[in-house]
């Protein structure tokens, strides 16, 4: 484990990556990725009682298997227990399936790794990545690296300090000062290219990949999908540097966000820039049966070797 790399200067950014939350609002990991609860309708995706599912752990080669649901009683009301049996029989390497003790949801757990991706025709139907409510491909990581991001703004949401006074008959004042409070951050991410998979990840809506059309959420739909993000930016020593002379990377984890696509005008003689207005708030997760609160973001540094081990381009 590395120590903090202190008193360095950041230059631009390597990039940012995003991923949807579990349906219960927690960050999916290889040790815990959640799907549906109660029952689910798989009749729309099963062909001859089978549907394809892909699981990818970190930068490893994805594993794709056609999962057989021929043993279920009713394709339109598949239970968590039936899904566990079918997925276990499919035999994904190093992955075990169970029912989450707290939520009752379908739970996958891999032996090793950190970042998990679950996609394919079966993944959205099993509610990976909040897909039953907000659409999407399941659990996919979408990255913008190697100069695909134009800028990433991180303005803090701060509740200003308060001054409460009590004034006596002769004008003397007793004052209580309540300090400012950090409520979170409101990132503004501006990208070079339009990525409809990312638009769907951020704000939901309906992306028809066959027809090539996207419809945003209706005005009455105020509930948005939630997701996490990580930003990686190179840091440098003082003096003259080349871009390859970084001494480490600054890593910023945004634990829980929602957002919308910003205005994208059609201008004369100008390339479009695609901006997204996001809001990162505090994050909570049950650990050992107790709810633990975390700040909206965590920042720190990693070495060049630790950054290279992440293999961001292959995840």
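The values are calculated or read from the model by the stated rules, or taken from the named source; none is laboratory data. Everything numeric here is computed off the predicted structure, so don't read it as measured data. No Cβ is skipped: glycine too gets one built from the backbone with ideal geometry, and neighbour counts run over all protein chains shown.
Quick test for you: out of 245, 263, pick the one residue that is closer than 24 Å to residue 192 by Cα and touching a strand residue (DSSP E or B) at 6+ places or on another chain (Cβ under 8 Å).
Every option except 263 fails the conditions.
Please count how many residues of region 191-216 are without any contact (Cβ under 8 Å) to a residue 24 or more places away in the chain and either over 14 Å from residue 260 (Cβ atoms) or within 13 Å of the chain's Cα centre (by Cα) (or both).
Within region 191-216, residues that are without any contact (Cβ under 8 Å) to a residue 24 or more places away in the chain and either over 14 Å from residue 260 (Cβ atoms) or within 13 Å of the chain's Cα centre (by Cα) (or both) number 8.
Between residues in region 92-116 that are assigned by TED's automatic domain parsing to the domain that holds residue 33 and modelled with pLDDT under 95 and residues that are loosely packed, with under 15 Cβ neighbours inside 10 Å and part of a strand (DSSP E or B), which pairs lie under 6 Å by C-beta distance while being six or more apart or on different chains?
From residues that are assigned by TED's automatic domain parsing to the domain that holds residue 33 and modelled with pLDDT under 95, the pairs are 102/286.
Taking the stated definitions as given, is residue 75 under 30 Å from residue 230 (Cβ atoms), free of Cβ contacts under 8 Å to residues at least 40 places away in the same chain and out of contact with any helix residue (DSSP H, G or I) (no Cβ under 8 Å at 6 or more places or on another chain)?
Criteria not met by residue 75.
Report those strands (runs of 3 or more DSSP E) wholly inside region 233-315 carrying at least 1 residues which are buried (at least 18 other Cβ atoms within 10 Å of the Cβ).
So the answer is 248-261, 274-280, 283-287, 297-302.
Regarding residue 81, is this residue assigned to a loop (DSSP other than H, G, I, E, B) and without any contact (Cβ under 8 Å) to a residue 40 or more places away in the chain?
On the way: assigned to a loop (DSSP other than H, G, I, E, B): no; without any contact (Cβ under 8 Å) to a residue 40 or more places away in the chain: yes.
Spelling it out, it is not the case that residue 81 is assigned to a loop (DSSP other than H, G, I, E, B) and without any contact (Cβ under 8 Å) to a residue 40 or more places away in the chain.
Determine whether residue 160 is more than 30 Å from residue 23 (Cβ to Cβ) and within 23 Å of the chain's Cα centre (by Cα).
Answer is no for this residue.
Among residues belonging to region 23-69 that are in contact with a helix residue (DSSP H, G or I) (Cβ under 6 Å, 6 or more places away or on another chain) and assigned to a loop (DSSP other than H, G, I, E, B), point out the one that is surrounded by the most Cβ atoms within 10 Å (Cβ to Cβ).
Top of the filtered list is 35.
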